[in-house]
Structures are given as C-alpha cells and as structure tokens.
Number of protein chains: 2
Amino acid sequence: MTAYAPETPDLLTLDPEAQDLLFREARTANTFTDEPVSRAQVQAIYDLIKWAPTAMNAQPLRMVLLESAESRARLLPLMGEGNRAKTETAPMTVLLAADTSFHEELPRTFPHATGLKDMFEDNAAARQRTARLNSSLQVGYFILGARAAGLAAGPMTGFDVDAVSAEFFPDGDHEVLVVVNLGHPGEGAWMQRLPRLDFDEVVTAL
Amino acid sequence: MTAYAPETPDLLTLDPEAQDLLFREARTANTFTDEPVSRAQVQAIYDLIKWAPTAMNAQPLRMVLLESAESRARLLPLMGEGNRAKTETAPMTVLLAADTSFHEELPRTFPHATGLKDMFEDNAAARQRTARLNSSLQVGYFILGARAAGLAAGPMTGFDVDAVSAEFFPDGDHEVLVVVNLGHPGEGAWMQRLPRLDFDEVVTAL
C-alpha cells in the first residue's frame, strides 16, 4: 500500500497501480545495486516514449549511453561533487541532450511544413529555444519511461553543462540538459520525501 | 488493439494498456466535443504529476486555467492563427508557465540546502535556466497526466510568448511555455501520425 493515496482516484483513468509505479511510489534513487541495465532496456524506454508529443514533431532529444568504464571516467570530474559517487556506481548513466540541429530532420519528420527547415536555419535563437523546450519535455517523458521499465531513475542537473556538452558532443550543436542514472535502488537509495506545492499555490483560474 | 504494438514488451513493467493510454494510442487532439472538463479534473492531474521529480524539488510550473469566455477572449488574438479555432472551442485551456521566482519557495520545498534561495536571488540567469528546464519537465509530466485522466491534450507552442506572458502574468516573473487544450476528441481530431526517429538515430553508446 502506498503512503500517497490518490487524492481524487475516481477522476483518473490510469490504473492506480500504474499511477504508483510512475508517480507516487517512484522516487529519485541515490544508490543502486549491482544489477545491470542493458542497452535493450533503454531502447524499450525510448520506443515507448518516442510517441509522446513534441512541437512540430521535432524530437530534438539525443542520448549518450555511458556503458564503459572509460566513458564514465570522462564524465565524473565534470559532475558536481555530490553527484560523483552515485554516478560512478550506477549500472547505467545516460546523457540527455538537446540537438540544436534538429531542424535538419524536419523535412522527414514534419514533411507537410515546407520551408520550416530554412526558417530555423536562419534563426539560431529560435532553434535553441525550440531544442531546449522540446528536449526537456522528452526528458520528462524519459524519466517516467524509465519507471515504466521498472527502473529507478536518478536525474541530475548538477554538472558543468558546457564542459559535458563539449566532451561528448564535440560538434558544438548539442547541449546536455540532464544526466540520468538508471538502475535498481540500493541501500539507502531514498532521501526524505520533500513537500510538493499544493494545487491552489500553482493555479489561477480565470 | 493498437496499431503500435510494443516493440519490446517483456522489458517494460508498466501494463500494456497503460502504455497505450499514455504513449501509443494517445494523440494530440485538434478538435474537441462539447463534453466539459472540470477544475477538479485538472486538480486530479496535478495531484498525480506533482510527485514527479524536479531539480532541487523546485517545482517552478505555474498554471492558469481559462474557464471563462472572457479569459479565453484575451488569449485568442495572441495565439498563432492556426491555433485559434481549436483553442476557442476546447472545453478547457491551460497556460503552463515557468515561475522565475520559484526560489522564494525553496526554504520550504528544499529546506536542507540553506543559502540556495540567496544564490538564485543573485543570479537571474541561473534562475531563468532552472525555471525553464524544470517547468518543461513538468509540462511533459502534465501532458501524460492529462492522458492518465482520460483526456486528450492538445499542446501548442505557436503563440506570442511575450504577449501571452505579459497578459496573464503582469508581474513579469513568469514565462508561458506551452498552452494546452484539454477535452475529449471531436470529429477529425487527429492529424496523420508522423514518423518518429529510430533509437539508432538518437543514441550513441560509449
């Protein structure tokens, strides 16, 4: 039984068990067991979340899977100090990045809007804004997708964005937004659950 | 039966019906029936998705529910032309915004990190970046949450961001990121399903 019972259960269609899996019982993990996470599991997550929407079907999210000790070692010194130990021991670490050259794919992914690729080609600011916003939506989908795969996710933004982006995307066209550790929760994986803002605090009705 | 069968079903924990509801069968709706959407339904969505993670538990998402014809009329001329008709007829329209003064709440929402509020107070760029990134994650959660409530979501980024933000948040501390229509799909609600990028196109393994 969850400690966070649905507050308005009859208004949701999604099965309560799925609500728990994705939202109420899932927590950000800070330690992991040795149980490995495979590339196939990350593909299963992606093949589920790729259907969730992005503006103009732009899909600017790109991912780097750090599967080897060598690639992990390149990341660690660029992470915030408090994020190093858990990132070193996580069975899988994924860099989630915005591709600011996403517009190259638009003729294929959004074929009816001719001219859109050229519009973005000429407007680097619009490209960056669209890439960041829509990749971030996809990061949200990815975190829930990891939970849908029965994994604990440990998303982190405490790292040197410019350095990590340059290290893993030397083309200069990508910005790493979030680094996510994936695995099965280890001992002492959870921090204390922190308070959430109430509906009335975040909503205005007009 | 869905036309989009799970590609790797045995690797996911989430029930296939829930996978369909949230990802595979759900689509961006462009028309809606007259069936209303209540404030209680939006609250049920929020009370589910509020548990999903944000960096430093910052929760910068703020929402405006346009429940009256008067408030809707203020929005319509600021929407892109192609987004006006559907926004006028949607039973509920929600503005999803980033609050760049989210740091005011940190002493309550992230109490152990003393000094964080002051750090953000002195760094408007970090505040904007954190607000945008984490609100966008929450927009992703919200879109899936709407589907969890059995509603069709129609997220839109085609609007005058500065004008909509100024019209509905005169304090200057908020930026509207996405406008979402909510309802039940009407006649001709769906565009053709557009292609998604393959795993191999978005992933590098190192």
_Summed buried accessible surface, chains B and A, 1.4 Å probe, nearest 100 Å²_ = 7400
*Using a label point 7 angstrom from Cα along Cα-to-C-beta, what distances in nm, from shortest up, separate B:Glu25 from the other copies?*
2.4
*Given a Förster distance of 30 angstrom, what is the FRET efficiency for B:Ala126 paired with A:Glu25, based on the Cβ-Cβ distance and rounded to 0.05?*
0.40
_With n ≥ 4 as the cut-off for DSSP H runs, can you work out [θ] at 222 nm for the protein assembly as shown, using -39500 (n - 2.57) per run divided by the number of residues, rounded to the nearest 500?_
-10500 deg cm²/dmol
_Cα-based shape type of the protein assembly as shown, given that a ≥ b ≥ c are square roots of the gyration tensor eigenvalues and the cut on a/c is 1.5_ = rounded
*Want the number for A:Arg84 to A:Asp171: 0.36 nm per residue separation, take away the alpha-carbon distance, what's left?*
28.8 nm
_Taking all protein chains in place and a 1.4 Å probe, what share, in percent, of the accessible surface of the range A:31-171 do carbon and sulfur account for?_
50
_Over 31 Å between Cα atoms: which of A:Lys86/A:Lys117; A:Lys50/A:Lys117; A:Lys86/B:Lys50; A:Lys117/B:Lys86 fall into that group?_
A:Lys86/A:Lys117
*Provide an ascending nm list, one decimal, of label-point separations from B:Arg108 to the equivalent residue in each further copy; define each label point as 7 Å from Cα along Cα→Cβ.*
4.9
*Could you pull the copy-to-copy label distances for A:Glu70, with points set 7 Å along Cα to Cβ, in nm to one decimal and sorted shortest first?*
6.7
*Among B:147-155, A:65-73, A:179-187, what's the highest-first ranking by average C-beta atoms within 10 angstrom per residue?*
B:147-155, A:179-187, A:65-73
*Whole number in Å², please: accessible area per residue of the range A:27-186, 1.4 Å probe, ligands, DNA and RNA not counted.*
35
_When a/c reaches 1.5 or more, the comparison of a/b and b/c decides; with that in mind, is the range B:49-206 rounded, prolate or oblate per its Cα gyration tensor?_
oblate
*Give me the distance in nm between label points sitting 7 Å out from Cα along the Cα-to-Cβ direction at B:Met119 and A:Arg108, one decimal.*
4.1
*Using 7 Å Cα-to-Cβ label points, what is the A:Arg39/A:Glu70 separation (nm, one decimal)?*
1.5
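The values are calculated or read from the model by the stated rules, or taken from the named source; none is laboratory data. Because the structure is predicted, anything quoted here is derived from the model rather than measured. Ideal geometry is used to build each Cβ from the backbone, glycine not excepted, and the neighbour counts take in all protein chains shown. Note: areas computed on protein heavy atoms with side chains; ligands, DNA, RNA excluded. Shrake-Rupley method; radii C 1.70, N 1.55, O 1.52, S 1.80 Å.
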